[in-house]
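The values are calculated or read from the model by the stated rules, or taken from the named source; none is laboratory data. Quantities reported herein were computed from a predicted structural model and do not represent experimental measurements. Because the Cβ atoms are built from the backbone with ideal geometry, glycine has one as well, and the counts that use them run over all protein chains shown. Please note that ligands, DNA and RNA were not included when accessible areas were found on the heavy atoms of the full protein model with its side chains. Shrake-Rupley method; radii C 1.70, N 1.55, O 1.52, S 1.80 Å.
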Amino acid sequence: MSTTLKYLIVFFISMVPLVELRGAVPIAFLSFGLPVLPTYVVCIIGNMLPVPVIFFFARKVLEWGADKKYTKKFFTFCLEKGHKGGEKLQEKAGKGLYFALFLFVGIPLPGTGAWTGTLAASLLDMDFKKSVVAVIAGVVLAGVLMGLGSAGLLGALNRFF
């Protein structure tokens, strides 16, 4: 498989909700053996590319689809998840809302990430520019943590199997 194809795969994995950069970084390092810096650049761009679309349009689409027969259940789930995430951020953060958004996106746990963080920021009517800065900083943090995890724990497991 060519290096370009490997980077394309990693780029597109970074764009997938729930998987995002958190799944792409270990694949890039452990499966493809790609170098660190170009991998991070590709993963961050892939993870951040949907952010403006999510911030400006996801809320409108989800609200529109929440009352449609075939999309109601899923769209309502997404709206509720975004509202709950936003409420938790607001409760815990107070005036440090953007810092809380950064941590929410940056700590690689299931259900957190750029997609959910951006949706929460949109639902909370947070400032777009400040939200993007917090989300990109969180994505970088998540990438570093996943890279360290891949090199350490996952790297050690990979050597045994």
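Whenever a residue of region 18-29 is free of Cβ contacts under 8 Å to residues at least 12 places away in the same chain, its partners that are buried (at least 19 other Cβ atoms within 10 Å of the Cβ) and part of a helix (DSSP H, G or I), lying with C-beta atoms within less than 9 angstrom and at least six residues away or across chains, give the pairs 19/13; 23/13; 23/14; 23/146. Residue-level analysis places residue 124 among those that are hydrophobic (A, V, I, L, M, F, W, C), more than 30 Å from residue 33 (Cβ to Cβ) and open to solvent by less than 80 Å² (accessible area, probe 1.4 Å).
Which residues, taken from region 8-30, are of a type in the set (A, V, I, L, M) and out of contact with any Ser or Thr (no Cβ under 8 Å at 6 or more places or on another chain)? Talk me through it step by step, then tell me what you get.
Of the residues in region 8-30, the ones of a type in the set (A, V, I, L, M) are 8-10, 13, 15-16, 18-19, 21, 24-25, 27-28, 30.
Answer for region 8-30, where residues must be of a type in the set (A, V, I, L, M) and out of contact with any Ser or Thr (no Cβ under 8 Å at 6 or more places or on another chain): 8, 9, 13, 15, 16, 18, 19, 27.
Tell me yes or no: at least one residue of region 61-78 is in a helix (DSSP H, G or I), surrounded by 20 or more Cβ atoms within 10 Å (Cβ to Cβ) and among the small types (Gly, Ala, Ser). No. Cβ-Cβ distances below 7 Å connect the following pairs, each with a first residue in region 71-93 that is closer than 13 Å to residue 104 by Cα, a second residue that is open to solvent by 90 Å² or more (accessible area, probe 1.4 Å), and a separation of six or more residues or different chains: 93/99.
Among the residues of region 79-99, the ones that are of a type in the set (Gly, Ala, Ser) and either exposed (fewer than 12 other Cβ atoms within 10 Å of the Cβ) or closer than 22 Å to residue 16 by Cα (or both) come to 4 in all.
Suppose the filter is of a type outside the set (Ser, Thr, Tyr) and surrounded by 14 or more Cβ atoms within 10 Å (Cβ to Cβ); does residue 16 pass it? The answer is yes for residue 16.
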